[in-house]
Structures are given as structure tokens and as C-alpha cells.
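Novice: Before I ask anything, here is the structure I am working with.
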Amino acid sequence: MTEHVDIPEEEAFGITDKFVSDMMVAVDANDENEVVRILEPLHPADVAHLIEQLDPRDRRNFLTVWPGGIEGDIISELDDSLREEVIDTLNRDELAEAVQQLDSDDVVDLIEDLDDQQTEAVLEALDDTDRALVEQALAYPEESAGRHMQVELVRAPEHWTVGDAIDYLRSDVELPDQFYHIILVDPRMKPVGYVTLGRVLSSKRSTPLKEVLEDTFRTFHVAQDVEEVAQAINHYHMITAPVVDDDDRLIGVITIDDAMAFLEEAAEEDILRLAGVGEGSLSDRVINTTRQRFPWLAVNLVTAILASLVIALFEDVISGLVAIAVLMPIVASMGGNAGTQSLTVAVRALATRDLTDANVWRVIRREILVGLFNGLIFAVVVGIVGFVWFGNLTLGFVIAAAMVINLVVAGLAGTGIPIILEKLGIDPALASGAFVTTVTDVVGFFVFLGLAALWLI
């Protein structure tokens, strides 16, 4: 029997390398009882994180030694790229038991990342009622509230009292595992408000539920973009967002935990896209990662060639003064960094709906002025550097002027290009970086070399 390993309380969030190593000792010893005992106190998110830390061979050994241990909550927490692999290790009974533990929205989220054969296996594992609910959710558009809503909720007639609600909750009715509100509906099943459980428990039994309604109540249409719903939940400090159909009837809810997950996922996607790496993860295979990154490296090659063509136009200028070849990367590099700063701010503001038609010109003007002021400051610095380094005062003025112009252009491009791309229906996080870099490189080289040709040669 291998030695039992406890996770220190201060290390409970996340799995340490030592814990993974000690757990694999039990796996290598084929000690199922010890593996079960080690993993028993862990949260499903920690078990999922542990599985993600293992290489493919260790992961297969682990799942073999721990048969039947994968629960639905663990599968739900797994990285998308690993779900198919883990599900393939489960037999039909194990899969049925796992998915039946999940709420409908979690099952839908799980199915979205599976192939057709695995999707059918998951659907067959559900009972008829749950399967119908999941299939109905899958019929909605991919990014809609209906696709991601949870149909498990608690509703009550609008004329009930607190006592009626408490008696209902204590009856043998099947309740969601977690819920935060009791949603009041009229006879047509139209939601009219909701009450927190805290208000219910702290009010007298005779109090009408309508007297303790929350003022944050608002509903969302089933076809509304789920990210918009998540942003509204965050903006209005909501806990539950009721979802209604075309007839305004209550059909589901999106809760705050799911909303925060949507916003986190959207932010993560934007960061990855800005770097041109798509939606990859550390668990992806080499060939998949290569395929994801290749297109944007190819785009970068094209833009680099374009910048090189601009440099080639001034070949005589460069050959006539070596100092120009030494200093010209500074202008392009500073412009690229300034453009990336403005780009990051603009993409984030577009994603959070902070950048709108009402303030777009104010934001663009601000970024141009920031570029101007920073350009003037750094123009003095690089102008002095150019003069001291090469003893040429005119060269200092040339690089200073180029610096100012390129940083102003960087502020304009970094803000304007994402806005234009969004107007054209193109994801600004995915495509802006290549365009902004091209603009700052081309303008930086052209202005610096052009001024040098006029003033120095």
C-alpha cells in the first residue's frame, strides 16, 4: 500500500507537481484503493486539473487504474481538447451515470465539443425528458441564450406568500442542485419578478412574495447573444437572468457562475487571437497547434515582405549613411508597441461594449493625442541619442520627426482598425494585430527613410 498523500490547505487551489508525482506512484503500483483515497477529498475542478497535467501515457494509465471514477462534474471541468479522450475511456453505463449528474446547460456545453458518435452516446445515456431538453437547446443558435440556459429552475405563482414558497420548497418536489431565486410568474407563465432565498427565509410567512421582489429583475430573449446576457448580469449585478421565448414565457435561466465563465472564456479567446494562436490549449497535439498558428505566421511573413519592399525603395539612402540602417528599427519598433497598446485597449472596449458610436471619436482623438505626447517625449530622447551617437544633428531631427509621426499613426491605427473591422463583421481580436503591425512598420520605415532622403542625402 502506498503512502497516503494529503493536499496542504494552502495548496488546495491547483495541483502541485509533488502531488501529481505522488499520485502517479499509486497509479504505477496499480493501487486503485489508494488512488480513490487520494482523490476523494478533491473538488471536481482539481481532479480535472490533475488530468490535464498528465501526459497522454500517464493519463491512460490513470484512467485505467481509476475505472468508474470520472463524474459528470469532472468531465464538465475538463479542457475541451481532452473531453473526447476521457469520454472514450468510459463504457455506456459509466457515461450514463456521469451525464445524468449534470444540469441541462452543462450537458449541452459538453456535447458541443464532441464528435457525432460521442454526441449520440451521450444523448442515449439520458432519460427521455432530459434528452428532449438537451436536443431543444441544441436547436438554438450556438451563441444564443437558449443554447446555454439552464432549464432547471424554481418558479411560483405571483400571488403566493412566503409561507407558500417555503412549504413548496420543503415538499417532495425535485429542485435544482443550486438555485438563487424563486421566479414569480403570472397565469400565462410570464415572469414578473424574482425573490432571493435570503429574503424568503428572513420574511414572515404571511408576507406576499411580491412585496420582497428584487429590483434587479429583467428578462432576456432566448435568441439574444449569450455574451450580451453575461455582460448584463455583470453590469447590473444580477445573480439569475430569466430567459423567455417569443411569447415572453419563462423557459430557463442563466446564472451568474455561467455568466462569469462566458466572460472569462471570451476574454481568453481575445487574448489568444491577439497573439494569433487561435483557441489552442496546452493539451493540444503538435500537429493541431502547428495548423492553428501557421496561417497567422504566413500573414506576418507577407506583412514583413511588404515592409522590406518599402526599405528596398530607399536602398541608396541606406547605403549612403550606415547610421540610418542602425536607427531605423527603433522607429518601427516603437510604433509597433504603441499600436499594440492602443489596439489592446480598443479590442477590450469593443468586447465589453464600452466603445460605442457615441464615444468612438472621443476615444480615437484621445489615442492620437496620447501618441502625439509620447512621440514628442521620445522624439527628444532618440534625437539626442542620434546626435550623440553619430555626431549628426540633422540625423537627430530626422529620427525625432519620424518618431512623432509614427506614434501618432500608431494611435490612430490601433484604435481605428479594430473599429473598422468590427463594422465589417470581422473579429477585431483575430485580424487587427497583423494590420496594425503592417501600418506601423510601413509608415515608420517610409517616414524615417523618406525624411532621411530629403535632409541627409
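Derivation of every value follows stated rules applied to the coordinates shown; laboratory data play no part. Just so it is clear, the model here is predicted, and its values are computed rather than measured. We place every Cβ from the backbone using ideal geometry, glycine too, and count neighbours over all the protein chains shown.
Novice: With +1 on the Cβ of every Lys and Arg and -1 on the Cβ of every Asp and Glu, and nothing else charged, how large is the dipole of the stretch 9-143 about its Cα centre, in debye rounded to the nearest 20?
Specialist: Value, rounded to 20: 520 debye.
Novice: Can I ask one more? For the chain, what's the relative contact order in percent, using C-alpha pairs closer than 8 Å and at least 6 residues apart?
Specialist: This gives 10 percent for the chain.
Novice: Aspartates and glutamates near residue 210 by alpha-carbon distance under 13 Å, same-chain residues fewer than 8 away left out - which ones?
Specialist: 158, 164, 186
Novice: Once you place label points 7 Å from the Cα toward the Cβ at residue 264 and residue 313, how far apart are they in nm?
Specialist: Modelled inter-label distance: 4.9 nm.
Novice: Something else now. Once you have the Cα-Cα distance between residue 37 and residue 326, take 0.36 nm times their residue separation minus that, and quote the gain in nm to one decimal.
Specialist: Answer, rounded to one decimal: 97.6 nm.
Novice: Another question, if that's okay. Amide H to amide H under 5 Å from residue 252: which residues, 5+ apart in sequence or cross-chain, H placed 1.01 Å off N in plane?
Specialist: 243
Novice: A follow-up question, please. Run the numbers for residue 288 and residue 143: contour at 0.36 nm per residue of separation, minus the present Cα-Cα distance, in nm. All intermediate terms of the calculation are to be shown ahead of the outcome.
Specialist: Values: separation 145, 0.36 × 145 = 52.20 nm, distance 2.42 nm.
Length difference between fully extended and current span is 49.8 nm.
Novice: Tell me which aspartates and glutamates have Cα within less than 12 Å of residue 18's Cα, excluding those fewer than 8 residues away on the same chain?
Specialist: Within the straight-line cut-off, residue 18 pairs with 6.
Novice: Have a look at the DSSP beta bridges in the stretch 122-274 and tell me what percent are antiparallel, nearest 5.
Specialist: 70
Novice: Mind checking which aspartates and glutamates have their Cα closer than 16 Å to the Cα of residue 423? Skip sequence neighbours fewer than 8 apart in that chain.
Specialist: Hits, sequence-local ones excluded: 354, 357.
Novice: Tell me which label goes with the value of mean projected area of the Cα convex hull in nm² computed from the coordinates here: [x] 23.8; [y] 29.6; [z] 20.2.
Specialist: Recomputing mean projected area of the Cα convex hull in nm² here picks out [y].
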